[in-house]
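Written below as structure tokens is the structure these notes are about.
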Amino acid sequence: MSESLGLLPALPLLGFLILALSGGKLPKTVVALVGAGSIGLAFLVALNLALPIIADDSLIVRETLYTWMAVGSFEAQFGLTLDGLSTVMILVITGVGFLIHLYSTGFMADDPSYSRFFAIMNLFVASMLILVLADNLLLLYLGWEGVGLCSYLLIGFWYVDPKNGYAARKAFVTTRVGDTSMALGLLLLFTQLGSLDIQELMQAAVANWSVGSGLAIAATLLLLGGAVGKSAQLPLQTWLPDAMAGPTPISALIHAATMVTAGVYLVARTHVLFELAPSVQLLVACIGLATLLLAGFTAMTQHDIKRILAYSTISQIGYMFLGLGVGAWSASVFHLMTHAFFKALLFLAAGTVILSLHHEHDIFKMGGKRRQLPIAFASFLIGSLALAAFPFTSGYFSKDEILLAALEFETYGTWLWLGGVIGAVLTGFYSFRLVFVVFFGGSNGHHDAREVTGFSMAAPLFVLMLLALVGGFLTQPTAAVFGAHGQAGEHTVSAALHAVMIAAPLLGMLASYLVYGIGLIAPDTILRSGVARGLHTFWFSGWGFDWVYQRVFVAPFLWLARLNKHDIFDSVVSLLVRLTETANELLARSQTGSLRWYVLSVVGGMVVVLLATDLGGLL
Amino acid sequence: MSELFYAGGLIAIVSTLLVIVQSNVVHALIYLVLSLLAVAVVFFSLGAPFVALLEAIVYAGAIMVLFLFVVMMLNLGQASRDQERAWLPPRVWIVPCTLVLVLLGMLLPQIFEIAAVTNSPFVEVGVKAVSAELFGPYVLAVELGSFLLLAGLISAYHIAKR
Amino acid sequence: MGWIEWQVGSGLNIASILLVVIVVAAMLIWVERRLLGFWQDRLGPNRVGPFGLLQVVADMIKIFTKEDWVPPFADRFSFVLAPTIIMIVILLSFSVVPFAPGVGVVDSNVGVLFVLAMASLGAYSVMLGGLSSDNKYALLGSLRAAAQMVSYEVFMGISLLGVVALAGTFNLREIVEVQENGWFVVPQFVGFLIFLIAGVAESHRLPFDIPEAEQEICAGYHTEYSGMKFGMFFVGEYLGLVLISSLITVLFFGGWHGPFGIGLLPPLVWFALKASAFIAFFILLRAAIPRPRYDQLMSYGWLFLLPLSLINLLVTGVVILAAN
Amino acid sequence: MSLIPLEHGIALAGLLFAIGLVGVMTRRNIVFVLMSLEIMLNSAGLAFVVAGAHHASAEGQVMFLMILTLAAAEVAVGLGLIIQLYRRFKTTDIEVLSALKG
């Protein structure tokens, strides 16, 4: 049993090594077999590991593979831990990951860099598994960075287009801001508590820090910085929409189902620390709320099918942060899981649509694809229902729990709840806007749409549809991890409020139906008023964050870089260089190429040395 | 035997001097052979007949023959002798000679100072003693020498190949 | 020879050896031509004196009285030096040859090496002669000679080492004394053959007279020579013949010892007999064998004689070690 | 036998070396340079033999043999180089071969 814990990240890593070292020489079938097969095997291993833990959620499997590094008193083990929380994570990562890999074997079939794709995907899964299985924060950080690297490689997968490279760079640099914050947090924790082992750390924190102590606030703030960066929350959310430059399965795997949830996982994993800093916890909730509203408004105005989904991802993770902020750890993780199902489903379906329309991304150039793309339509419908938290779909249960927890939160609980409900209205609106625009109405001129789907692409969609529908009934073994108070208990909420929560997404859907479904109010008429137009532009640009960042960070940085083009500090070094060069020029004069001159100088030097020693001896 | 030493030494010095002032390569080579033979005589007078004859066989008889052989291949004519003379105006000798005289001026007094003490009687060290030494403690040096010769053989073949 | 006390290195010894050797070499000019005539079924010189014996004297007179001429384009210094070298070198080689007990110039511990040293210096004679003549045939001849002599010196030296190893000395006189009960030609037959061939090549006698091949390069390195300077080359060649014969006798055929311990004749006579036999054999070679091509000579030497002589030395060494 | 003072032998070696050194410094013809180098090598060997004879030891002669080997290899390569250079540049002037100047 314990051996198989190490096997879990080892399998995708092995797949990566095989694919990377073969240098793209393997035939495609073998690549697909290795790439998807390694994840499939990992899923079986994960299932085997998870079953006992699902049965008894207090079970914790620990395995120390070897001592990673030992410096002085510091010792970092390459140790893996499997508890309830990581069980959920590994099942999501390997399960959804496998489905996406399977889908990719069909989706990427014509790509010349087939092998490279699966190699990086496997590495990504391996990193993510290390991240969630790590028993100390340093190892977690390794997985964290591995995930960041892979996302960089995958966003820039089609690197021939400089735009994609720029998007990859943007994602990398933005998350780097968060990563730096997290690294600082790790250093602070280590210097203060003397350990990075998560269990020890939590115990030490509880023992040493009082609730609301400055150190706890500082540490959690720094960790939160990391989480915000990786999970694309305010104010570091700008990279995610651009990250849609990669192939669609990548968006599904990284930017919806797994990687962005790393921040959620980090906060959930260190929830003990956050409980010690209630103010930071409140901040988490506020960030989540702000992000989900912001992303929701933005998603309403977008034209690009993948950008809409990207903003919806940001929004949904905002919900998770909201849940984390109000202490509903278990609900957040639950939402993480259901979100993985329906967001993977939506992205994969979007991939099918995009592929069938020859890489057309603009939803207003689609339209009426209901009949041509039945599977995609079904997927979208189910995915959107789950996304909008339609009653009894998976998203309903998880979102409901988060909102209820928010309502119960002592500080500003009502406001948080209200914001969440407004977000739900927005979710309903933009998700069905997508469905109506793409699948209903007349065909907007785009021709020959054929659903290019074989078994490898269709099967994951069906499985995910099922999961998106009934995923809400799955139970999670996280009770032991979060303790009693993090658990979604029996909520005592009035039926009226419940009705509001159920009605909110339906309201959004209805509005969407009115505008886009039957065209009762044409979008153009709304946009005719100046205020609406301005708002639309403002939202379309993602609340101007990119614009602000461009002005506040990028432009000054570029200005500084231009200013320092010739590197002022370098002049000190180049002085040395110039000195050396001058000396060299002078000495090079002596290098005449004449043998006789060389011999003469050797003998002359000999004479000088001998004379010096002779005279020295005489003196 | 000491007469032989001084005669040989004198001939060696004179003929060596003649080597470096010659303008004709062939004449210089002849003087060099003479100088080497004179050194061989010096060896003989020092009780080292084996190396004396090796000096004659290898140095004078083989190495210098190679030189002569190359000179024949180059077949330098009168023009090169004139050129040689043009390259050697008296002034080019001044600096080297001064330097070397300074060196000798420092070296020779020290030589005479250090070694004037002991003079062992003449003992001939024959072939057998040298061979025993050579294939006893110095056998590794012999192997190295053979390596060196092999390397020289290969590189000379390679370099001189067209 | 009982009436004179023979002693190695005495003035009388030196003088008589010098005289005898030179006279023999001079007489060989006549002997060779007569023998060649005999073997080639013709007369040879038979007009001057009885059996043409005075032919040598006539030749001498002619050579000595001829104008001592140096070509104006030649390098005078080397041109004059070249023929003297071969004479000096070969005459010096005779100084270590033990003709008989008490007959010899020097009793040297490194006699074998001395012979080799002189042989290697002999190469200068041909090379300088050819080079200083400033004549393309002469230059070609001396190039050939240089390559040939330097090459065959190697096998000559190695083939001698078998004998040296068996005798345990470089002293030629001691080598002869060791052979009292058995000539080295028996255990060192391969060495003897190599030495024979290398000796012919060293003295560039026919069939290995490639440096002076008349038909190809017009007498080679001594094309430009005439008069006494030519005479020195000419006599030098016969002196070389005598030297090689003497050396074969000394090294492989027991020197002054009679065969199977037969002491019938005086030692000097035994020596003279054996040496004469070899001289005659060399003349027979000249009469019988055609000249090989230059490249054949070189590849024969390096590809056949060198390995053979090395194997011979190796086997000899192994046998000696095994015997001890 | 008569005595030869050690310092005379060493002085002879030193003088020969000095002459060779002057030759290397003065001559422009590469053949002469190589010959001067030979003179210097030979004088080093002479110094070894003199010292060996002084101590009645064979080691000086052994060292001379090493130098002899060295000289043989050096000359073989050096002459090969001379031939090749003459082929390329049609001269034996070492001053022409100054492509390595700074």
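A few points about this structure:
- Helices (runs of 4 or more DSSP H) completely within segment A:503-619 that count 2 or more residues being within 14 Å of chain D (Cβ to nearest Cβ): A:570-590, A:595-618
- Test: residue in segment D:75-83 that is at the interface with another protein chain (Cβ under 7 Å from one of its Cβ atoms), under 25 Å from B:VAL58 (Cβ atoms), open to solvent by less than 10 Å² (accessible area, probe 1.4 Å) and without any contact (Cβ under 8 Å) to a residue 24 or more places away in the chain: yes
- Among the residues of segment B:52-98, those that are facing chain C (nearest Cβ under 10 Å) and touching a residue at least 40 places away in the same chain (Cβ under 8 Å) comprise B:LEU68, B:VAL71, B:ARG81.
- For segment D:28-48, filtered to residues that are over 11 Å from the mean Cα position of the chain (by Cα) and more than 7 Å from chain B (Cβ to nearest Cβ), the residue that is modelled with the lowest pLDDT is D:ILE30.
- The C-beta contact set for segment B:21-33 (first residue more than 10 Å from chain D (Cβ to nearest Cβ), second residue of a type in the set (Gly, Ala, Ser), distance under 8 angstrom, 6+ apart or interchain) comprises B:VAL26/C:SER78; B:VAL26/C:SER132; B:HIS27/C:SER78; B:ILE30/C:SER78; B:VAL33/B:ALA60.
Rundown of residues vs (1) at pLDDT below 85; (2) out of contact with any Ser or Thr (no Cβ under 9 Å at 6 or more places or on another chain); (3) closer than 29 Å to C:HIS222 by Cα; (4) in a helix (DSSP H, G or I), yes/no style:
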| position | (1), (2), (3), (4) |
| --- | --- |
| C:VAL115 | no, no, yes, yes |
| C:LEU121 | no, yes, yes, yes |
| C:LEU131 | yes, no, yes, yes |
| C:GLY141 | yes, no, yes, yes |
| C:ARG144 | yes, yes, yes, yes |
| C:MET149 | yes, no, yes, yes |
| C:VAL164 | no, yes, no, yes |
| C:PHE170 | yes, no, no, no |
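- Looking across segment B:107-117 at every residue that is at the interface with another protein chain (Cβ under 7 Å from one of its Cβ atoms) and open to solvent by 50 Å² or more (accessible area, probe 1.4 Å), the one that is modelled with the highest pLDDT is identified as B:LEU107.
- Of all residues in segment C:138-156, those that are more than 21 Å from C:VAL112 (Cα to Cα) and either buried (at least 22 other Cβ atoms within 10 Å of the Cβ) or touching a helix residue (DSSP H, G or I) at 6+ places or on another chain (Cβ under 6 Å) (or both) total 9.
- Contacts under 6 angstrom Cβ, first residue in segment A:229-254 being farther than 18 Å from A:LEU99 by Cα, partner of a type in the set (Ser, Thr, Tyr), 6 or more apart: A:GLY229/A:THR175; A:LYS230/A:THR175; A:GLN233/A:THR291; A:LEU234/A:THR291; A:LEU236/A:THR174; A:TRP239/A:THR174; A:MET244/A:SER251
- Segment A:54-89: number of residues that are modelled with pLDDT under 80, crowded, with 17+ Cβ neighbours inside 10 Å and aliphatic (A, V, I, L, M): 3
- When every residue of segment A:363-370 is checked against the conditions, none turns out to be open to solvent by 10 Å² or more (accessible area, probe 1.4 Å), free of Cβ contacts under 8 Å to residues at least 12 places away in the same chain and on the phi > 0 side of the Ramachandran plot.
- Test: residue in segment B:40-47 that is β-branched (Val, Ile, Thr), within 13 Å of chain C (Cβ to nearest Cβ), surrounded by 18 or more Cβ atoms within 10 Å (Cβ to Cβ) and assigned to a helix (DSSP H, G or I): yes
- Considering segment B:1-20, and only residues there that are under 28 Å from B:LEU74 (Cα atoms) and among the small types (Gly, Ala, Ser), the residue that is farthest from the other protein chains (Cβ to nearest Cβ) turns out to be B:SER15.
- Of all residues making up segment C:227-268, the number that are open to solvent by 10 Å² or more (accessible area, probe 1.4 Å), under 17 Å from C:GLN179 (Cα atoms) and modelled with pLDDT of 80 or more: 1
- Apart from one condition, D:THR92 fits all of (1) more than 17 Å from the chain's Cα centre (by Cα); (2) open to solvent by less than 40 Å² (accessible area, probe 1.4 Å); (3) more than 14 Å from chain A (Cβ to nearest Cβ); the exception is (3).
- Of the residues making up segment A:156-173, those that are part of a helix (DSSP H, G or I) and more than 17 Å from A:THR261 (Cβ to Cβ) are A:PRO162, A:LYS163, A:ASN164, A:GLY165, A:TYR166, A:ALA167, A:ALA168, A:ARG169, A:LYS170, A:PHE172, A:VAL173.
- Residue satisfying condition, being without any contact (Cβ under 8 Å) to a residue 24 or more places away in the chain and in contact with a Lys or Arg (Cβ under 7 Å, 6 or more places away or on another chain), within set D:SER36, D:SER57: D:SER36
- Applying the criterion of at least 2 residues that are hydroxyl-bearing (Ser, Thr, Tyr) to the helices (runs of 4 or more DSSP H) found wholly in segment A:271-333 leaves A:278-301, A:305-325.
- Only one entry in C:ASP107, C:ASP134 is more than 30 Å from C:PHE271 (Cβ to Cβ), out of contact with any Cys (no Cβ under 7 Å at 6 or more places or on another chain), within 14 Å of another protein chain (Cβ to nearest Cβ) and open to solvent by 40 Å² or more (accessible area, probe 1.4 Å), namely C:ASP134.
- Counting residues in segment A:27-50 that are open to solvent by 30 Å² or more (accessible area, probe 1.4 Å), without any contact (Cβ under 8 Å) to a residue 40 or more places away in the chain, outside any helix (DSSP H, G or I) and in the same structural domain as A:GLY95 (by TED's automatic domain parsing) gives one or more.
- Against the numbered list (1) open to solvent by 10 Å² or more (accessible area, probe 1.4 Å); (2) farther than 28 Å from A:LEU149 by Cβ, A:MET244 comes up short only at (2).
- The one condition from (1) within 22 Å of the chain's Cα centre (by Cα); (2) away from chain B (no Cβ under 13 Å); (3) open to solvent by 40 Å² or more (accessible area, probe 1.4 Å) that C:SER159 does not meet is (3).
- Selection status of A:SER251, hydroxyl-bearing (Ser, Thr, Tyr), in the same structural domain as A:PHE157 (by TED's automatic domain parsing), at negative phi and part of a helix (DSSP H, G or I): yes
- Among the residues making up segment B:5-21, those that are under 24 Å from D:ARG28 (Cβ atoms) and either among the β-branched types (Val, Ile, Thr) or buried (at least 24 other Cβ atoms within 10 Å of the Cβ) (or both) are B:ILE13, B:VAL14, B:THR16, B:VAL19, B:ILE20, B:VAL21.
- Qualifying residue in segment C:117-126 (condition: within 11 Å of another protein chain (Cβ to nearest Cβ), open to solvent by 10 Å² or more (accessible area, probe 1.4 Å) and more than 29 Å from C:VAL176 (Cβ to Cβ)): yes
- Residues of segment C:48-90 satisfying the condition of being within 14 Å of chain B (Cβ to nearest Cβ), acidic (Asp, Glu) and free of Cβ contacts under 8 Å to residues at least 40 places away in the same chain: none
The values are calculated or read from the model by the stated rules, or taken from the named source; none is laboratory data. Just so you know, these numbers come straight off a predicted model, no measurement behind them. Note that we place each Cβ from the backbone using ideal geometry, even for glycine, and neighbour counts take in every protein chain shown. Quick note on the areas: whole protein, heavy atoms, side chains included, nothing else; ligands and nucleic acids left out. Shrake-Rupley method; radii C 1.70, N 1.55, O 1.52, S 1.80 Å.
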